[in-house]
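Engineer: Mind looking over this structure? Questions follow.
What follows draws every value from the coordinates through simple rules; no lab data is involved. Fair warning: this is a prediction, and the values are worked out from it, not measured in the lab. Cβ sites come from the backbone with ideal geometry, for glycine too, and all protein chains shown count toward neighbours.
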Amino acid sequence: MVLRNLLWIMTIAALVVGCGSLEERKQVNAFKKDTRDYGRLLRWRGYEGAAQSLRTPYGAPIAVSTRGLEDIRVTSYEIVRSELAPDGKSATVDAVIDYYNERENRIRTLSDQQHWWYDEKAEKWYLDGKLPPFVTVESSH
């Protein structure tokens with residue numbers, strides 16, 4: 001009887017631990033997918049779509065103008081570092097972006113530090129910030 005109760009308690013404990021790690025894995029997989037999708041949108045000029053990833057930590061969309069970005073071409077987007085907070089609810093991503101403006105003959109590189117947070121209801125990660133600070137013809141004059 002004692003052995004059966006002990007086995008029952010160990011089984012429940014294993015299930016609880018397994019559920020926690022399953023939830024953590026789900027969040028990590030969502031993080032990888034959402035940050036990768038954001039980079040792909042930038043890479044393929046989906047600036048409006050990338051802007052959909054921008055939210056305040058309270059869930060409100062961040063207004064972003066994509067004016068002037070129609071001539072920006074991202075040639076490389078590389079995540080060089082990503083770090084999840086111990087609570088698994090926020091993360092920092094450092095990305096290096098190579099791009100050019102079609103009106104110039106100059107490739108530029110910028111470092112973009114991003115602060116991401118996890119929305120449990122939506123099961124999605126959001127970026128608390130702005131689109132990368134691309135230098136456009138408008139902003140360079």
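Engineer: Net charge within 12 Å of Arg81 by Cβ-Cβ distance, Lys/Arg positive one each and Asp/Glu negative one each, not counting Arg81 itself?
Structural biologist: It works out to a net charge of -4.
Engineer: Suppose each label sits 7 Å from its Cα in the direction of the beta carbon; what would the Ala63-Ser90 distance come out to in nanometres?
Structural biologist: Reported label-point gap for Ala63 and Ser90 is 2.5 nm.
Engineer: Would you kindly state how much longer the chain becomes between Ser82 and Lys32 on full extension, computed as 0.36 nm times their sequence separation minus their alpha carbon distance, in nm to one decimal? Walk me through the numbers before you get to the answer.
Structural biologist: Numbers: separation 50, 0.36 × 50 = 18.00 nm, distance 0.96 nm.
The Ser82-Lys32 span can extend by a further 17.0 nm.
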